[in-house]
Amino acid sequence: MAIARETVEQVNSVSDKYKYGFFSDIESDTAPIGLSEDIVRFISAKKEEPSWLLEWRLKAYRHWLTMIEPEWANVHYPKIDFQDIYYYSAPKQKDKPKSLDEVDPELLEVYKKLGIPLKEQEVLAGVEGAHNVAVDAVFDSVSVATTFRERLEKEGVIFCPISEAVRDHPELVQKFMGSVVPYTDNYYAALNSAVFTDGSFCYIPKGVRCPMELSTYFRINAAQTGQFERTLIIAEEESYVSYLEGCTAPMRDENQLHAAVVELIIMKDAEIKYSTVQNWYPGDENGVGGIYNFVTKRAACRGDNAKVSWTQVETGSAITWKYPSCILQGDNSVGEFYSIAIANNMQQADTGTKMIHLGKNTSSTIISKGISAGKAQNTYRGLVRMGRKAANARNHTVCDSLLIGDKCGAHTVPYIENQSRTATVEHEATTSKVSEEQLFYCQQRGLSEEESMALIVNGFCKEVLQKLPMEFAVEAQKLVGISLEGSVG
Amino acid sequence: MKNLTPLAQTYLDRFDAARRSLPGHASPAVTALRESGLARFKALDFPGRKVEEWRFTNLSPLTKGIEAMEAPATSLPVAEFKTPHVMTFINGRFSHANSALGELPKGLTLTSFASELDAGNSTLLESDAEDSRAVVALNTAFMEDGFVLTAAENTTLDTSILIRFVSLDGTADNARHMRNIIRLGKNATVTLLEEHAGADGHAYFANPVTDIALEEGARLNHYKFQAESNTAFHLATTDCEVPAGAHYENFSLSTGARLSRNEITTRITGDKALSSLNGAYLIRGHQHCDTTTITRHLVPENESKQVYKGILDDDAQGVFQGKIQIVPDAQKVSGDQLSRALLLSDRASVAVKPELEIHADDVKCSHGASSGELDEDALFYLQSRGIDGKTARKMLIDAFLADVLDEITDEAVRSFFAAITARWMEEV
Amino acid sequence: MLEIKDLHATVGDKEILKGINLTIKAGEIHAVMGPNGAGKSTLSYVLAGREGYEVTSGDVLYKGENLLDLSPDERACRGIFLAFQYPVEIPGVASATFLKTAYNAQRKFRGESEVDAMEFLKLVREKTKELDIKDDMLKRAVNVGFSGGEKKRNEVLQMSLLEPDLMLLDETDSGLDIDALKIAADGVNRLRSPERAGLIITHYQRLLDYIVPDFVHVLADGKIVKSGDKSLALELEEKGYAALSAA
């Protein structure tokens, strides 16, 4: 009950409906609106990129022009005008800051408002080690600050904005970028490949256990701006890293597009744990505004005994369309997907995972908790495929949906394809509601209706919340409560 | 406009000549119905794999045109299932000589659909005009015969009716577009077994469409044994409306056909209604068997249940797609579904898509799906007690099938199906 | 009856048994005790012939015959019975069917005629009564929905019925309360005879109060590190395994 109590306190402590709904008045350096080959060239030139990368971007752009927007997901929205979006917006700075002291104070103010995850104050005060999270912050399209870099460098860990990686480690970027999610993969991945502006790059050398959690905070600030970040993480043999990703955006009454690509590469005996708390602005109660979150995330377990674990808490965005996937190539490799997706008011979430078993003795676990409230629609969509050579592969999937109120919808669309006799696939799904007895029982013990709801819902999500690193778990529990505000009564 | 598949084009070319000899050709209403079916089919064509509902079943072996096979015509096999009421269709047409309808209770009628069409009785097919399924539209254009079963209020049939659809030969353009109609009045109770059979080596396309409407409190036990020729195609579509207090029980046992699909849609439109869809498929060689169910809960307080099991050997492919849909305000509904597949060979495969679409909060829904081989621990346990490997495997397979066969209420049908599955297993 | 010579066995890539030597003569009951992970269960699985438990070297002779060449069912028919530590649940297979199939398979192996359902039921009833097992258990699927104690009693029931020559009991006492333990031990003791032998694998001394062994062996890290009579078990109970490995 300690956790639950904490949750309730945290819910109480947050009075705003959407805490992150401020926007910062920072002068930004912006490309002309719309998308063309010239814009792609402009972005590449701004970032002083090598020619191979420009060529790759242009190929992606040309391929994107031939593609059509996917319509199979259970989400509905007016057609996006891709010419009405700014593809590049960078906070204006005279020179690159050498340390955080030189960063625009207004920007630091933004970090302060971001709250819990960014402990920049401590870093500035020299409280090194007090908080073992290295942070890369991506503000609109550009990475503005990466902390703890020196300490990481000592271990041989590279953690920097991807634009810097292109400059400093081109051989790594060229070798791995697009190797898990090729630019031909899907509509939004192609778009991202053409116009991505920044993101995080992370390389863990052989045998290194990354000494701290790595974290990236993404924020969309400027109006009418799309955010297209690209994250690339490579875990060499026998290495380990835990990576956290957080997202926020200000309240605006227009829809903004976020189309990111995340690629993870895991070699023999290595492990990546990737956690996301996604809290983009979801739009208001009437469905005005909010982020369209169309994200491609995929991990390739290339070596034997490789392991990847995706944990996600999806509470924000007007529309979420994402399927963090695992390609289990190496024998004995392991893929995990733990997800909480909360959709309230007019939100629409279509999320799930793909587990592609190719190697022998590969195993995967999927635990998905979908919560629908208000008039929201929440869909779990997943694929488990056992290839012919996936001898003794195992999958276990549990998909639970919770409905709050009678105007929302919960949908489960699993695809299971088994071509391996010795593989075992098990899928279970249930749907339930928060019962009046449960609410009454909690209320009778002194909790308000909303507190009771937060408590029960957190209980429903417990298996997944437990998978999150400590710092995130607390924030996630709080978000669960906030996201459901107004869903009872 | 894109090109139609070769088989679809053949149907369009053949229509004008065919409709002059099809049943009901003298009736303008029937002709209009056929024409509307053809127009819809022309617009739709046979579904390709890009159509979501058909992503796991590739119809191209059918749609590129069935190859004629050299196989001698056979004679009608004796019915294994014994009942005093037997209606037989041979090569798509009612055979009076081979039927023995026996004495049916008062209020129950069993006639041939062709005779209804010839009588200009097109009112049976009112709902057809808007159907957007290609195989149904094709059936509407070319429907030939089938059975029409009606039962008046409170009519009860104590035994069961056997309907046999037997193909005795198989030439290239052989298609059987059967249209069956079942109407049960209030509190009527009927048990019906359909048998679809053809000797191996005969190639043909069976396209039965069955339209069922139950009235309040009616109960239909609807069983089907699909044992088509191993070179035949069988695409069956069944729709059933289940109103208040009614109970629709369906069990399909499939062992035949090169490619088969059994698609069942139930619309539950009343409280205390129950839709119980179950089945087993046992396939080997290069057989492909698709089971697709759509269960729609349209009002509060009713129930649906499904259990499907498959056993696949050699290169067989199994498909199960099951959707449970609960519309807004259909509260206090329970929907359960289970599908399991057992792979006996390294080359067999299965694709499963159990789907829940839920728009009401006070409901209980679940689905479970599993596939894999026999449980090694259980095998070892049995062997450690002295049971040889082969017997142990057989025991486990029997047990795997036993729970689904238990879903069959009618004892005679249950033991008939058990005998068939046992025979199939002998050849594993 | 059973002769184990320098037995090495692996599970996966890991060597679990590292040279076991043990001889059990007819009429004897041997107990093998040892800490968790010593290889006790592996020994029982190797003797019963479970797949995945690979013998890398050494011999096992059973009644003078090479046991390791035989499949699990062939071993069972020759009189080896393993009471599982975790009896397996088999949904859909009724206990009665299971028992009868096993019983007749073994009779058939010995060249005896199979018994019919009536005769068999009578036989089972006698045993269930002795073991205080409710008849309705026979109708339920094998071990499905059984409590831990029920599962163990079911193992003993099967053993009483199949009357093996060599009884292997793998942690049969775990999950049993004292009354159930006595009943189970009685079942085993009833089977004790000059023609039969037994190997009891256990973590605790408790079961040996009821099934008194002739010899006690301590298994640690894949080897038998000490052998003695019943008093060894008591000594272990008192001092623990740690004291022994330190010595």
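What is the antiparallel percent of DSSP beta bridges lying wholly in the protein assembly as shown, to the nearest 5?
On the way: 57 of 330 bridges.
Around 15 percent antiparallel, to the nearest 5.
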Next item on the list: Quick one: accessible surface of C:PHE109, probe radius 1.4 Å, all protein chains present, in square angstrom to the nearest 10.
Entry: 100 Å²
Next item on the list: Among B:SER36, B:SER339, B:SER229, determine the one that fluctuates most according to a GNM of chain B built with springs between C-alpha atoms less than 10 Å apart.
Entry: B:SER36
Notebook entry, point to check: What percent does the relative contact order of chain C come to when contacts are Cα pairs within less than 8 Å and at least six residues apart?
Noted result: 28 percent
Note to self: For a test of understanding, tell me how many lysine pairs in region B:6-269 have Cα atoms under 26 Å apart, given they are 8 or more places apart or on different chains.
What the structure shows: 8
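Mind giving me the FRET efficiency for A:ASN74 and B:THR156? R0 is 56 Å, r the Cβ-Cβ distance, nearest 0.05 is fine.
Details: r = 44 Å, r/R0 = 0.79.
Efficiency computed from Cβ-Cβ geometry: 0.80.
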Next item on the list: Enumerate the amide H contacts of A:GLY290 below 5 Å, restricted to partners 5 or more residues apart or on another chain; note that Pro and chain-start residues carry no placed amide H.
Entry: A:ARG252, A:GLU254, A:GLN256, A:GLY283
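Classify chain B as rounded, prolate or oblate, taking a ≥ b ≥ c as the square roots of the eigenvalues of its Cα gyration tensor: rounded when a/c is under 1.5, otherwise prolate if a/b is larger than b/c and oblate if not. Intermediate results must be reported in sequence, preceding the final value.
Values: a/c = 1.39, a/b = 1.21, b/c = 1.15.
It comes out rounded by the Cα gyration axes.
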Notebook entry, point to check: Which whole-number percent is the relative contact order of chain B (Cα, under 8 Å, 6+ apart)?
Noted result: 10 percent
Item checked: Dipole of the protein assembly as shown, positive end: most advanced residue of B:ALA203, A:PHE196, B:GLN331 [Cβ charges, Cα centre] -> B:ALA203
Checklist line | Cut-off 17 Å (backbone N to label point 7 Å along Cα→Cβ of A:LYS175), residues of region A:192-210 | finding: A:201-208
Check: Which value, in Å² and to the nearest 10, is the accessible area of B:ARG340 when all protein chains are kept and the probe is 1.4 Å?
Finding: 90 Å²
Next item on the list: Sort the protein assembly as shown into rounded, prolate or oblate with this rule: let a ≥ b ≥ c be the square roots of the eigenvalues of the Cα gyration tensor; rounded if a/c is under 1.5, and if a/c is not under 1.5, prolate when a/b is larger than b/c, oblate otherwise.
Entry: oblate
Next item on the list: Hey, can you find the accessible area per residue of region B:6-269 for me, probe 1.4 Å, expressed in square angstrom?
Entry: 37 Å²
Next item on the list: Kindly express, to the nearest 10 degrees and within the range 0 to 90, the angle between helix C:95-109's C-alpha long axis and the longest C-alpha principal axis of chain C.
Entry: 80 degrees
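What FRET efficiency, computed as 1/(1 + (r/R0)^6) with R0 = 60 Å and r the Cβ-Cβ distance, is obtained for C:SER227 and A:PHE440, rounded to the nearest 0.05? Write out the running numbers ahead of the final one.
Values: r = 64 Å, r/R0 = 1.07.
Efficiency computed from Cβ-Cβ geometry: 0.40.
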Item checked: Inter-site label distance for B:ALA97 and C:ASP69 at 7 Å from Cα along Cβ, in nm -> 6.5 nm
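Assuming R0 = 35 Å, can you tell me the calculated FRET efficiency for the pair C:PHE109 and C:ASP177, based on Cβ-Cβ distance, to the nearest 0.05? Don't skip to the end; give the middle numbers.
Values: r = 36 Å, r/R0 = 1.03.
So, using R0 = 35 Å, E works out to roughly 0.45.
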Checklist line | Proximal charge balance of B:ALA199 [Cβ under 12 Å; K/R count +1, D/E count -1] | finding: -3
Next item on the list: Give me the accessible area of A:LEU172, 1.4 Å probe, in Å² rounded to the nearest 10.
Entry: 30 Å²
Checklist line | Separation of the A:GLU449 and B:ASP118 label points, Cα + 7 Å toward Cβ, nm | finding: 6.8 nm
Notebook entry, point to check: What residue among C:LYS151, C:LYS127, C:LYS63 has the largest mean-square fluctuation in a Gaussian network model of chain C, using Cα springs under 10 Å?
Noted result: C:LYS63
Check: Around A:THR397, what is the net charge, scoring Lys/Arg as +1 and Asp/Glu as -1 over all other residues with Cβ under 10 Å from its Cβ?
Finding: -2
Notebook entry, point to check: Which of the listed residues, B:LEU342, B:ALA392, B:PRO23, is farthest toward the dipole's positive end in chain B, when Lys, Arg count +1 and Asp, Glu count -1 at the beta-carbon?
Noted result: B:PRO23
Check: Taking A:LYS322 as the anchor, which aspartates and glutamates have their alpha carbon closer than 16 Å to its alpha carbon, excluding any fewer than eight residues away along the same chain?
Finding: A:GLU69, A:GLU71, A:ASP185, A:GLU229, A:GLU245, A:GLU263, A:GLU314, A:GLU336, A:ASP350
Check: Taking +1 at the Cβ of each Lys and Arg and -1 at the Cβ of each Asp and Glu, which of B:ASN262, B:ALA73, B:LEU59 sits farthest along the dipole of region B:6-269 towards its positive end, judged by Cα position relative to the Cα centre?
Finding: B:LEU59
Notebook entry, point to check: For region B:375-428, which whole-number percentage of the solvent-accessible area (1.4 Å probe, protein heavy atoms only) is attributable to carbon and sulfur atoms?
Noted result: 48 percent
Notebook entry, point to check: Using Cα pairs under 8 angstrom and six or more residues apart, how large is the relative contact order of region C:153-247, in percent?
Noted result: 25 percent
Checklist line | Simple Cβ-charge dipole of region B:375-428, Lys/Arg +1 and Asp/Glu -1, about Cα centre, in debye nearest 20 | finding: 260 debye
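Can you show me the helix-derived [θ] at 222 nm for the protein assembly as shown, built from DSSP H runs with n ≥ 4 at -39,500 (n - 2.57) apiece and divided by the number of residues, rounded to the nearest 500. Walk me through the numbers on the way to the answer.
Values: 28 runs with 308 residues, N = 1164.
Theoretical 222 nm ellipticity from helices: -8000 deg cm²/dmol.
About its Cα centre, how strong a charge dipole does region C:161-220 have in debye, to the nearest 20, once Lys and Arg get +1 and Asp and Glu get -1 at the Cβ?
Numbers: 5 positive and 11 negative charges, 22 e Å.
So the magnitude is around 100 debye.
Rounded to the nearest 5, what % of DSSP beta bridges with both residues in chain B are antiparallel? Please list the in-between numbers first.
On the way: 8 of 136 bridges.
Roughly 5 percent of the beta bridges in chain B run antiparallel, per DSSP.
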Margin query: Using the basic label-point model (7 angstrom from Cα toward the beta carbon), what is the B:ASP346 to A:ARG167 distance in nanometres?
Written below: 5.4 nm
Note to self: In whole Hz and in residue order, list the ³J(HN,Hα) couplings for region A:41-57 that follow from phi through the Karplus curve 6.51 cos²θ - 1.76 cosθ + 1.60, θ = phi - 60°; x for Gly and Pro.
What the structure shows: 5, 4, 4, 5, 5, 3, 8, 6, 7, x, 5, 4, 6, 4, 4, 5, 4
Next item on the list: Considering only protein heavy atoms, with the full assembly of protein chains and a 1.4 angstrom probe, order A:ARG151, B:ARG347, C:ARG75, A:ARG209 by accessible area, largest first.
Entry: A:ARG209, B:ARG347, A:ARG151, C:ARG75
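The values are calculated or read from the model by the stated rules, or taken from the named source; none is laboratory data. Here the structure is a predicted model, which is why all the values come from computation and not from measurement. As a convention, Cβ positions derive from the backbone with ideal geometry for all residues, glycine included, and neighbour counts pool all protein chains shown. Protein only, heavy atoms only, side chains kept; ligands, DNA and RNA dropped before computing areas. Shrake-Rupley method; radii C 1.70, N 1.55, O 1.52, S 1.80 Å.
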